[in-house]
Amino acid sequence: MTAPAAPASLARDLARLLGEAHVLTGEAAAPFALDGVRPELAVRPGSVEELSAAMRALHQAGAAMVAWGGGTHAEVGLPPRRYAAALLTERLDRMVQYDPDDLTAGAQAGVRLAAFQAQLLPHRQWLALDPPGAARATLGGVFATGRAGPRRRFAGAPRDKVLGMTVVLADGTVTRAGGRVVKNVAGYDLHRLYTGSFGTLAVIAEVHVRLSPVPEAHRTLLFRCASAEAAGGLLEKLLAERLELGALELLDGECTRAAGVPWRVSTEERAWTVAALFEGGPDLVEGHLERARALAPAARPELLEGGYSESFWGAVAELPAPPGPSPAPDGRVRLLLGAPTLPSEVARRCGAWKGGALGPGLSVHVHAHAAAGQIHVRLTGASGEALAGAWQRVRADLEGAEATAQLLDAPAALKPGVPWWHGSSGPAAVMQALKHTFDPQGLLAPGRLPFDA
């Protein structure tokens, strides 16, 4: 491997390529630190060609680099082994294609998801994704992380939306995968491979996606359940009824309050909430609402409409967002984890983990995208050791199940001492081989994901 160039020399070379204003050094690069590891510099390319040139120069210098969009998931992953340069996508902010009739669009990676959605709204269309951190997330970041929200089971995940990508490999090579429209998507699905790879294989420069019509009606029913067991029975009935659902969520009392339900809705601390989102044509939604109400009249379902319903689901989508590097207000430490399981097991696992199975002295908040079988657990404890023990108990509970649990946020000091994920070693071995193929010098986010540790 080439010996890394001196930071000052490298910064001068990059300034010649991008302009001095777009190469940040010293304290100006400090905001892009990862788990306390600060980059020597940060660059802001304004085009795919400039991104390619900057990465080529960094590659030739043997400098490790990390792509940086909105920073909404900077806490996910392990501390980088090396970190010379942050690749900021903020100037890659152009919409490059939009065909409302074909329900397809494309944009550069630095376009904010909210701004992208706003350009589609006049045509009553949207990219049907609601990931955590959506207010700050960039389009490239959404696909690089592969995170999905409450609508995942019914609307799909990022890898289901992507038609094609332009990416830049570690050595600066620009390559394209997939296409701009549905009928042109052929060959290997490399664009799906890049989705969820957290920038470890290539840096996403441009994304083309399939769109969906904005639903005409948007209504929510909130069912109050006295126990996780009762909530599980209701979830089973709702799924068996084959309703036109947009999302189906299970929340404990704390998460229900955090989702900001209107004042008129009861939020007893010990109760559980099953939230069902109904989207589609008004007549269809109304009919399915009545069918859902009839499944559990004793649960006293509350109806949320209009802005109440939309703001509730926006808040639910934010529940699994990493809170950032700051400690909990009371000085205790916290951990956020995601654990997939069978939809039929969601309520049982949530009830057990909430009920003390993860250890004493912990504050446990739990909610789940129930139809997708994705549980999120936020733990707060007095020490990193207590959190590590709780994470070990989650992994033990999942042993033998077809599930890959992972940490979504943890204290930087705790990360090196605990497994970042739990599951089959097969995917890790495959990803390790892919990493070596796409980035043989190991310059893209080295050490951030477990297969590259």
(message) Just the residues that are touching a strand residue (DSSP E or B) at 6+ places or on another chain (Cβ under 6 Å) and of a type in the set (G, A, S), please, taken from region 125-160.
(response) A128, G140, A144
(message) Can you pull out every residue in region 199-219 that is in a loop (DSSP other than H, G, I, E, B) and of a type outside the set (D, E, K, R)?
(response) G199, T200, L201, A202, L211, V214, P215
(request) Give L92, L58, L87 a once-over and let me know the one that is over 24 Å from the mean Cα position of the chain (by Cα) and crowded, with 21+ Cβ neighbours inside 10 Å. (result) L58
(request) Considering (1) buried (at least 20 other Cβ atoms within 10 Å of the Cβ); (2) modelled with pLDDT of 90 or more, say which one Q392 fails and leave the rest. (result) (1)
(request) Using the structure shown, decide if L434 is outside any loop (DSSP other than H, G, I, E, B) and either of a type in the set (S, T, Y) or in the same structural domain as A388 (by TED's automatic domain parsing) (or both). (result) no
(message) Of everything in region 274-284, what is modelled with pLDDT under 95 and not charged (D, E, K, R)? Give them in sequence order.
(response) G280, G281, P282, L284
(request) Could you please give the count of residues in region 42-58 that are part of a helix (DSSP H, G or I) and either among the small types (G, A, S) or modelled with pLDDT under 95 (or both)? (result) 4
(message) So, in region 399-423, how many residues would count as being without any contact (Cβ under 8 Å) to a residue 12 or more places away in the chain and closer than 27 Å to G331 by Cα?
(response) 0
(request) Kindly indicate which of G110, G71 is closer than 30 Å to L337 by Cβ, buried (at least 20 other Cβ atoms within 10 Å of the Cβ) and outside the structural domain of L414 (by TED's automatic domain parsing). (result) G110
(message) Any residue that is in a helix (DSSP H, G or I) and within 13 Å of the chain's Cα centre (by Cα) - is there at least one of those in region 113-123?
(response) yes
(request) Give me a count of the residues in region 325-344 that are modelled with pLDDT under 70 and within 20 Å of the chain's Cα centre (by Cα). (result) 2
(request) Look through region 253-273, keep the residues that are assigned to a loop (DSSP other than H, G, I, E, B) and over 13 Å from E302 (Cα atoms), and return whichever of them is modelled with the lowest pLDDT. (result) E269
(request) Would you please list the contacts, defined by Cβ atoms under 9 Å and residues six or more apart or on different chains, that run from a residue in region 359-383 that is at positive phi to a residue that is among the hydroxyl-bearing types (S, T, Y)? (result) G373/T341; G373/S344
(message) Of everything in region 218-243, what is surrounded by fewer than 17 Cβ atoms within 10 Å (Cβ to Cβ), in contact with a helix residue (DSSP H, G or I) (Cβ under 8 Å, 6 or more places away or on another chain) and under 18 Å from E286 (Cβ atoms)? Give them in sequence order.
(response) E241
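The values are calculated or read from the model by the stated rules, or taken from the named source; none is laboratory data. Source: prediction; values computed, not measured. Glycine also receives a Cβ, built like all others from the backbone with ideal geometry; neighbour counts cover every protein chain displayed.
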